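Remarks on the structure that follows.
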Amino acid sequence: MSSSPLPLSRPDSSLPDYRLQSPEVAARFRKIDERPVVLEVDRLTREFAGEHGTMTALRNVSFNVHRREFVCVIGPSGCGKSTLIRLVAGLDEQTSGRLLVDGREIHGPGPDRGMVFQSYSLFPWLTVTGNVMFGLQMQGMDRGQAESEALQWIELVGLAQFKNSYPAQLSGGMKQRTAIARALAPNPRVLLMDEPFGALDAQTRAQMQAHLLDIWRNVDVTVLFITHDLDEAIFLADRILVLKAHPGEVQEVIEVPVPRPRHLSQTNSPEFLATRRRLEELIHPRVETLVEKLPIVRLTQVGDDVE
């Protein structure tokens, strides 16, 4: 993935340039770029027919993701984040462009991609073990081997003592860890995550982010992660793909300058704050600009002396 930085609109001398990297971080990106490309998105466009004509959700989106790279996709509402990940998952079909995993074009869902949704999507009648086994058995693995494989993944996500529990007996974080184990069990090349922690409370969300990084460090998998949370994107990602809305296009690709391994104390580091400032500039319009554009309409006379 290559970056085309836009000029800083509101420079702040108290923070470094978000494009500056320590020697260690720069060396990490050189190593990432030397790895083979696992996911290739080439001039991807998705259009939808509507009552008032054609609506373009994504237009000419191109980027590459290298082996074991962690890429977050972020952007304003309506930028096509979920459309993008559904296309990569094979759950939708592009209007034009190509999607490839390991050089092979994507035509529908496949075992080379695992998907984790925000809504958990667990089978309520199956235990944790049964849910993780499901995909393995669908691929033709016999029950004994599937159970053995599933228990290893359940151990990895820290749910061994809950292996016989049903989804209704689990917390939100446990459900999502089960969903991650189920997605990883078939050993996909790419793990797709569509705002997987969006329904969790702040504390559980932070715990799940740390769990995910621990899992990723121990598994040979490439991650494409959709989020609307700026801090989450910086904390998790190697690179952040920023989309702009209407239509969804690549606005910038940011190489996160925060060193790995990541920990919560880094959220106050100059590198983290500088990256966050840049994301805010790209995604959130300036309030004063909105105020200038929005007409003020008085609906009634309030009859007081507040103003």
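Conditions (1) closer than 15 Å to I215 by Cβ; (2) hydrophobic (A, V, I, L, M, F, W, C); (3) surrounded by 16 or more Cβ atoms within 10 Å (Cβ to Cβ), marked per residue:
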site: H107; (1), (2), (3): no, no, no
site: R113; (1), (2), (3): no, no, yes
site: Q118; (1), (2), (3): no, no, yes
site: L122; (1), (2), (3): no, yes, yes
site: V132; (1), (2), (3): yes, yes, yes
site: F162; (1), (2), (3): no, yes, yes
site: P167; (1), (2), (3): no, no, yes
Picked from segment 14-71 (must be in contact (Cβ under 8 Å) with a residue 40 or more places away in the chain and of a type in the set (K, R)), the residue surrounded by the most Cβ atoms within 10 Å (Cβ to Cβ) is R46
A careful count of residues in segment 231-248 that are under 18 Å from S82 (Cβ atoms) and of a type in the set (K, R) gives 1
Those helices (runs of 4 or more DSSP H) completely within segment 189-291 that have 2 or more residues that are closer than 22 Å to Y18 by Cβ, modelled with pLDDT of 95 or more and of a type in the set (A, V, I, L, M, F, W, C) are 230-236, 270-283
Of the candidates I106, I154, the one satisfying the condition of being over 18 Å from A185 (Cβ atoms), of a type in the set (V, I, T) and within 24 Å of the chain's Cα centre (by Cα) is I106
Looking across segment 92-111 at residues that are in contact (Cβ under 8 Å) with a residue 60 or more places away in the chain and assigned to a loop (DSSP other than H, G, I, E, B), the single one that is nearest to Q139 (Cα to Cα) is P111
Across (1) more than 27 Å from S62 (Cα to Cα); (2) among the polar types (S, T, N, Q); (3) touching a residue at least 12 places away in the same chain (Cβ under 8 Å), Q118 clears everything bar (1)
Review point. What do you reckon, is G140 small (G, A, S) and either under 24 Å from T204 (Cα atoms) or part of a helix (DSSP H, G or I) (or both)?
Key: no
Within segment 126-149, residues under 27 Å from the mean Cα position of the chain (by Cα) and among the acidic types (D, E) come out as E149
Restricted to segment 198-220 and to residues being more than 22 Å from V65 (Cα to Cα) and in contact (Cβ under 8 Å) with a residue 60 or more places away in the chain, the residue farthest from the chain's Cα centre (by Cα) is A199
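The values are calculated or read from the model by the stated rules, or taken from the named source; none is laboratory data. Treat the numbers as computed from the prediction; the structure is a model and nothing was measured. For neighbour counting, all protein chains shown are included, and Cβ atoms are generated from backbone atoms with ideal geometry for every residue, glycine included.
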